[in-house]
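Everything below concerns the one structure shown next.
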Amino acid sequence: MPVRPVEPGASEPGASEADALCALDAVELAARIRRRELSAREVVAAHLDRIERVNPAVNALVTLDGEGALKAAAAADERAASGAELGPLHGLPIAFKDTHLTRGMRTTHGSPLFADHVPDEDELLVQRIESAGAIRIGKTNVPEFAAGSHTFNTVFGATLNPYDTTRSAGGSSGGAAAALAARLVPIADGSDMGGSLRNPASFCNVVGLRTTPGRVPSLPSGDVWETLAVAGPMGRTVADTALLLSVMAGPDPRSPLSLEVPDPAAYRAPLERDLTGLRVAYAPDLGGRVPVDPEVRAVVAQQVGVFEELGCIVVEDCPDLDGAESAFRTLRAQSFRQGFGPLLDTSRDALKPSLVWNIEEGLKLTGDDLARARAELTRLHLAAVAFFERYDVLIAPVSQVAPFDAESEYPTLIDGKPQHTYLDWMRSAYLLSTLGAPALSVPAGFTPSGLPVGLQIVGPPRAERAVLEIGAAHEAATGHGRHAPTLP
């Protein structure tokens, strides 16, 4: 049923002390733990209490290890008491996306084929986050093999939107976004090829950053040259998202595309910035390339005034995206062929039809197809670099629709335009994936029925810090992310 957003500064009806603690931003929580005003045990216990009461309504977390988390919290408190140096995420609970390998904790990929799979190693991303002091409490739900922007699978069912539990939470990082919105965790990791991090952030009124390829290395990997699929941070505020990026970012010798970061801590420095004179390109439908629901279009259009009031110069314009459609679909299909192709021979009946279709699209590809896609991707990136010499940032809708019925796999009609596959409705996100640029999803407001809408802020390649600063200024000017859902 639909739920009413809570105004900024207000508490949920009947909110407990634990709920109030869970509503704190990650930056504030981390600071209080470091000052010994809160213990890691208090923080973890409060989140576990809220998870027990609230998670059944949204199904965001699908694996939970409360006992292990409390033991880790006790160890964290002992470390703090000893005077040892504490990491920037010390004592903060986190649940990792269920596609990321977690040693000793099952990683199902949302597939019945991996329902009982327990890895014997952690992904690099998991290692970095836990080394920074975060405490693993479980895993967040994903669509099968992270395919699609609606989080449902036959292992755990669907994740529901905290703002309306009849609606989708987006995907593939839908469990992560819903967990953040429902105040079950203060930070979350995500990944994004065609919108898997941005779409759920938009649907759940939280923040998500698609990073420049190489900013956050993904290891182990079947393709260390991958540029479309990236990992990124998520939070309820831009500052929380930047905090998590500061520990996720950095090179690794096993990742040839990974980027040097002279000082990762710079991401968590104050984000305040005067936007006077900032050159903003506004692309409400990506140059006529995507249909957008009128209610979403109206919310996004209001953001032009926000940026103008901040002193920005806003011009309607769009990067050259010719060839982006074919390049993305070709390279995505190839990655599905490479990653999941063998499953067609051994386990076809265990795969959802959309996944089978995307793998089969990959099997049709020729060498010429792949060469053409790589050439298009190169041209698109170079065109983007030129575009961002004229503009400092691009703003556009994250998703073409508001959260849709959770019983549907995907929207089949947008503003009167048919959507034929599970990818079609995601174009506003995946066309921009081809630019190799950072893209931040920030809350932009709500439809008349109270459904969240996100704004996509895209900057030049490698300009994560600038994108975060601009997102923080928008956040401060609007406060949309402070409107929390009411839940049982």
GluC sites (Glu not before Pro), loop per DSSP, at most 14 other Cβ atoms within 10 Å - longest free stretch of the chain: 122-259
Accessible surface of the range 336-422 [probe 1.4 Å, protein heavy atoms]: carbon and sulfur percent: 53 percent
Distance between the range 109-133 and the range 215-265 - C-alpha centres, whole angstrom: 16 Å
Considering only the other residues whose Cβ falls under 9 Å of the Cβ of Phe387, what net charge follows from Lys and Arg at +1 and Asp and Glu at -1? -2
Take the alpha carbon atoms of the range 364-394, find their center, do the same for the range 158-211, and report the distance between the two centers in whole angstrom. 28 Å
With a cut-off of 8 Å between alpha carbons and a minimum separation of six or more residues, what is the relative contact order of the chain in percent? 18 percent
What accessible area per residue, rounded to a whole number of Å², is obtained for the chain using a probe radius of 1.4 Å? 36 Å²
For the chain, which span is the longest to avoid every loop-located (per DSSP) member of trypsin sites (Lys or Arg not before Pro) having at most 11 other Cβ atoms inside 10 Å? 37-363
Using a Förster distance of 41 angstrom, determine the FRET efficiency expected from the C-beta separation of Asp317 and Leu363, and round it to 0.05. 0.60
Residue ranges of DSSP H helices in the chain that stretch 30 Å or more (Cα, own long axis) and have mean Kyte-Doolittle hydropathy of at least -1.0 are 324-347, 367-390
Listed by chain and number, the lysines with an alpha carbon less than 17 angstrom from that of Lys97, same-chain partners under 8 positions apart left out, are Lys139
Using the Cα atoms as the points, what is the convex hull volume per residue of the range 334-488 in Å³? 178 Å³
Label-point separation, Thr166 to Ala20 (7 Å along Cα→Cβ), nm: 3.5 nm
Normalising by the residue count of the range 355-445, find the relative contact order in percent from Cα pairs under 8 Å and 6+ residues apart. 29 percent
Note the full-extension length gain between Val356 and Ala75 as 0.36 nm times their separation in residues minus their Cα-Cα distance, in nm to one decimal. 96.6 nm
If R₀ is 41 angstrom, what is the calculated FRET efficiency for the pair Thr486 and Asp252, using the beta carbon separation as r and rounding to 0.05? 0.45
With r defined as the distance between the Cβ atoms of Arg462 and Ala298 and R0 fixed at 30 Å, what FRET efficiency is calculated, to the nearest 0.05? 0.35
Tell me the relative contact order for the range 178-258 as a rounded percent, counting alpha carbon contacts under 8 Å between residues six or more apart. 34 percent
Given 20 °C and 1.002 mPa s, how large is the Stokes-Einstein diffusion coefficient of the range 236-372 in µm²/s, with Rh as the Kirkwood radius over Cα pairs? 109 µm²/s
In whole Å, what are the extents of the chain along the principal axes defined by its C-alpha atoms, from largest to smallest? 60, 58, 48
Can you report the principal axis dimensions of the range 90-176 using only the alpha carbons, biggest first, rounded to whole angstrom? 37, 30, 16
Other residues with Cβ under 11 Å from the Cβ of Arg279 give, with Lys and Arg +1 and Asp and Glu -1, a net charge of -2
Give me the net charge for the shell around Ala463: Cβ to Cβ below 10 angstrom, other residues only, Lys and Arg +1, Asp and Glu -1. -1
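The values are calculated or read from the model by the stated rules, or taken from the named source; none is laboratory data. Everything numeric in this text was worked out from a predicted model, so none of it was measured. Cβ coordinates were reconstructed from backbone atoms using ideal geometry, including for glycine residues, and neighbour counts include every protein chain displayed. With ligands, DNA and RNA removed, areas are computed over all heavy atoms of the protein, side chains included. Shrake-Rupley method; radii C 1.70, N 1.55, O 1.52, S 1.80 Å.
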